[in-house]
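What follows draws every value from the coordinates through simple rules; no lab data is involved. In this text the structure is predicted, and so the values were computed from the model without any measurement. As a convention, Cβ positions derive from the backbone with ideal geometry for all residues, glycine included, and neighbour counts pool all protein chains shown.
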Amino acid sequence: MACEFRAADWQEYKMDFREPHRELEPLEDEVRVVDEALAALVAEGLLPHTAYDGAKLLAHREAVRTQFEIPWTAISPRMQRLLYAINAIRQPRNMIAAGVFCGNTFISNAGAGVGPGACYEAAALIGVEIKPEEAERAERNVRKIDPTGVARVLAADALDVVADFEGPIEVLYLDADGDRGRGKGIYLEILQAAYEKMPDGALVLAHNSVNGGDKLQPYLGWVRHPANMRASVNVIFDPEGLEVSAK
Ligand SMILES: C[S@@+](CC[C@H](N)C(=O)[O-])C[C@H]1O[C@@H](n2cnc3c(N)ncnc32)[C@H](O)[C@@H]1O
């Protein structure tokens with residue numbers, strides 16, 4: 001049976017994709033649910049601890065709210081906090097995010113390494129978006145809160161970027177919906193292209209673990225097989241979900 005963390009209210013916790021900054025619950029409830037999810041990741045050996053700086057997350061959130069152009073996003077406040085916290089705890093020198101659309105999903109990860117929420121020094125935080133006009137907007141958004149260029153968005157196929165990347169990939173975030181009918185099936189292709197570059201303890205974060213549909217099932221089966229990944233937990237606290245797996 002798949003290992004999971006499930007919040008009792010995951011089906012009722014619904015966001016309006018066009019109003020991503022609207023508060024859905026009291027802040028202390030959001031913090032508690034995410035802390036419980038982090039504790040489940042620690043219990044399965046995916047993270048060493050649950051501690052991150054909540055004030056920095058709020059500074060990051062405010063910068064995104066005021067400076068990012070976001071036509072829509074499915075990243076809920078719980079998911080934003082979890083992605084930030086996982087990166088703040090794991091502190092990847094190199095992180096690649098595949099399929100970043102307007103960049104909100106990318107910066108939820110990269111915001112632990114750059115901008116007002118930064119809590120460690122990263123080397124390369126790379127978002128990849130295959131549609132050039134979306135990649136341009138995402139890059140424009142990211143530049144507003146990271147003048148350094150450590151975080152950047154490339155207009156490219158994530159498969160190529162991962163295959164060509166030189167150096168270890170400590171966190172790989174998957175959100176691409178593929179093309180040519182591949183849909184979320186492309187997650188497994190991207191992970192397999194990255195696998196040899198991922199050191200022991202590297203994490204893969206797969207968005208839409210709950211609502212990703214049939215095409216995502218081979219991916220979920222693969223990361224949940226102990227021959228491939230050391231541990232894997234499906235975090236279910238909103239209708240999208242995040243599968244967190246460690247090599
Ligand atoms: C559904 S969006 C992700 C949105 C994100 N979950 C959010 O809520 O902000 C998926 C993105 O993946 C992009 N994409 C699809 N295939 C890709 C690939 N091979 N490489 C990079 N990006 C890709 C699409 O153009 C699209 O913008």
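Report for region 4-246 the percent antiparallel among DSSP-assigned beta bridges with both residues inside it, nearest 5.
Values: 10 of 31 bridges.
So the antiparallel bridges amount to about 30 percent of the total.
Springs between Cα atoms under 10 Å define the GNM used for the chain, and in it the highest mean-square fluctuation of ASP146, ASP177, ASP16 occurs at ASP16.
Averaging over all projection directions, find the projected area of the Cα convex hull of region 30-146 and quote it in nm² with one decimal place.
Working: hull surface 27.2 nm².
For region 30-146, the mean projected area of the Cα convex hull comes to 6.8 nm².
Counting only GluC sites (Glu not before Pro) that are in a DSSP loop and have at most 13 other C-beta atoms within 10 Å, tell me the longest site-free stretch of the chain. For GluC sites (Glu not before Pro) (loop position, at most 13 other Cβ atoms within 10 Å), the longest site-free span of the chain is 167-247. Applied to region 91-104, the Karplus parametrisation 6.51 cos²θ - 1.76 cosθ + 1.60 on θ = phi - 60° returns per-residue 3J(HN,Hα) values of 6, x, 5, 10, 9, 10, 10, 9, x, 9, 6, 7, x, 5 Hz, with x for Gly and Pro.
PRO116: net charge of surrounding residues, Cβ under 13 Å, Lys/Arg +1, Asp/Glu -1, itself excluded? Numbers along the way, then the final one.
Numbers: positive: LYS56, ARG61, ARG65, LYS144; negative: ASP53, GLU62, ASP146.
For residues surrounding PRO116, the net value is +1.
Under 5 Å from the amide H of ALA151 lie the amide H atoms of LEU125, each residue being 5 or more positions distant or on a separate chain, with H modelled from the backbone and absent for Pro and chain starts. Taking the number of Cβ atoms within 10 Å of each Cβ as an exposure proxy, the fewest-first ranking of ILE86, ILE186, ILE107, ILE70 is ILE70, ILE186, ILE86, ILE107. Cross-linked pairs LYS131/LYS184; LYS144/LYS184; LYS56/LYS184; LYS56/LYS197; LYS14/LYS56: Cα-Cα separations exceed 28 Å for LYS144/LYS184; LYS56/LYS184; LYS56/LYS197. Using the Cβ-Cβ distance between PHE165 and ASP29 with R0 set to 41 Å, the FRET efficiency works out to roughly 0.60. From the residues GLY201, GLY178, PRO168, which one has its Cα farthest along the dipole of region 165-221 in the positive direction, the dipole being from +1 and -1 charges on Cβ of Lys/Arg and Asp/Glu about the Cα centre? Positive-end residue among those listed: GLY178. Computed on the chain, the Cα convex hull volume stands at 113 Å³ per residue. Only Lys, Arg, Asp and Glu carry charge here, each on its Cβ (+1 for the first two, -1 for the last two); on that basis region 1-119 has a dipole of about 460 debye about its Cα centre.
Between GLU136 and ALA2, what is 0.36 nm times their sequence separation minus the Cα-Cα distance? Round to one decimal in nm. Each step should come with its number before you reach the end.
Details: separation 134, 0.36 × 134 = 48.24 nm, distance 3.79 nm.
Extra length from GLU136 to ALA2 when fully extended: 44.5 nm.
Please compute the contact order of region 4-246 in relative form: average sequence separation of alpha-carbon pairs under 8 Å and at least six residues apart, divided by the residue count, as a percent. Please list the in-between numbers first.
Details: 477 pairs, mean separation 52.1, N = 243.
About 21 percent, as a whole number.
Using a Gaussian network model of the chain with C-alpha springs under 10 Å, which one of ALA85, ALA124, ALA206 is most mobile by mean-square fluctuation? Comparing ALA85, ALA124, ALA206 in the GNM, the peak value goes to ALA124.
Look at the dipole of region 4-246 built from charges on Cβ: of LEU159, ALA37, TRP222, the Cα furthest out on the positive end belongs to LEU159. Result for the chain in a Gaussian network model with C-alpha springs under 10 Å: among ARG90, ARG152, ARG180, the largest mean-square fluctuation is at ARG180.
The charge dipole of region 4-246, taken about its Cα centre with unit charges on the Cβ atoms of Lys, Arg (+1), Asp and Glu (-1) only, comes to about 200 debye.
Each label point was placed 7 Å from the Cα along the Cα-to-Cβ direction; for GLU69 and PHE17 their separation is 2.0 nm.
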